[in-house]
1. Do you know which residues across segment 82-98 are surrounded by 10 or more Cβ atoms within 10 Å (Cβ to Cβ) and either farther than 14 Å from Ala132 by Cα or among the basic types (Lys, Arg) (or both)?
2. For Ser99, state whether it is among the small types (Gly, Ala, Ser) and more than 22 Å from Glu139 (Cα to Cα).
3. Quick check: is even one residue across segment 33-48 under 25 Å from Ile153 (Cβ atoms) and under 19 Å from the mean Cα position of the chain (by Cα)?
4. Could you check segment 39-149 for helices (runs of 4 or more DSSP H) lying wholly inside it with 2 or more residues that are within 28 Å of Ile5 (Cβ to Cβ) and aliphatic (A, V, I, L, M)?
5. Only one of these is of a type in the set (A, V, I, L, M, F, W, C), farther than 30 Å from Asn8 by Cβ and exposed (fewer than 13 other Cβ atoms within 10 Å of the Cβ): Val127, Val79. Name it.
6. Hey, can you tell me all the residues within segment 100-133 that are in contact (Cβ under 8 Å) with a residue 12 or more places away in the chain, within 16 Å of the chain's Cα centre (by Cα) and within 15 Å of Phe149 (Cβ to Cβ)?
7. Can you confirm whether Leu28 is surrounded by 14 or more Cβ atoms within 10 Å (Cβ to Cβ), without any contact (Cβ under 8 Å) to a residue 40 or more places away in the chain and outside the structural domain of Ala152 (by TED's automatic domain parsing)?
Amino acid sequence: MPLQIILNLIIALMWMFLSESYNFPSFLTGFIIGAILLFLLRRFIPDAFYLYRVWKVIKLIILFSKELLLSNIEIVKWVYKPGRDYNPGIFALPTDLKSNWEITMLTSLISLTPGTLSVAISDNNDVLYIHAMDIGDKEEAIRAIKDTFEKAIKEVTR
């Protein structure tokens with residue numbers, strides 16, 4: 001992937017120098033042409049096309065933004081609700097993530113989302129302990145995190 005980024009930047013700079021216009025639109029045109037060339041020649045480059053991963057990172061950012069907005073709305077509903085009948089608790093989330101970077105990303109996304117907080121990680125990095133403001137069904141909470149954040153992190157890193 002780093003090789004593809006460097007090649008794309010070199011193609012963009014060469015385009016800019018060959019067209020003799022040293023401005024951003026010329027660079028952007030060269031960058032797009034370089035990306036198209038790398039896409040067409042992707043079978044000769046050992047890694048997957050790097051813009052796929054960029055798209056997956058953008059999808060992860062959009063997913064986090066959506067979850068952040070929805071959880072903020074839910075927190076506001078709880079705060080202004082006359083009777084406080086939510087059920088706080090800690091649950092164990094078994095995870096398939098292996099690298100420290102993936103686990104750190106998951107715990108950060110969980111902790112940054114209002115209403116949840118990563119409390120601890122098991123010694124073998126297989127289980128995360130998460131505090132939630134309202135746990136209706138633990139299995140549903142586990143499935144929701146696995147289907148959203150964990151799945152998106154796997155797409156980005158693997």
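The values are calculated or read from the model by the stated rules, or taken from the named source; none is laboratory data. None of these values were measured; they are calculated from a predicted model. For neighbour counting, all protein chains shown are included, and Cβ atoms are generated from backbone atoms with ideal geometry for every residue, glycine included.
1. Matches in segment 82-98: Pro94, Thr95, Asp96, Leu97, Lys98.
2. yes
3. Within segment 33-48, one or more residues are under 25 Å from Ile153 (Cβ atoms) and under 19 Å from the mean Cα position of the chain (by Cα).
4. 50-80, 100-112
5. Checking each option against the conditions leaves just Val79.
6. Trp101, Glu102, Ile103, Met105, Leu106, Thr107, Leu109, Ile110, Leu112, Thr113
7. Criteria not met by Leu28.
Yes/no per residue for (1) closer than 13 Å to Thr148 by Cα; (2) free of Cβ contacts under 8 Å to residues at least 24 places away in the same chain:
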| position | (1), (2) |
| --- | --- |
| Leu60 | yes, no |
| Glu67 | yes, no |
| Leu70 | no, yes |
| Ile73 | no, yes |
| Val76 | no, yes |
| Arg84 | no, yes |
| Pro88 | no, no |
| Phe91 | no, no |
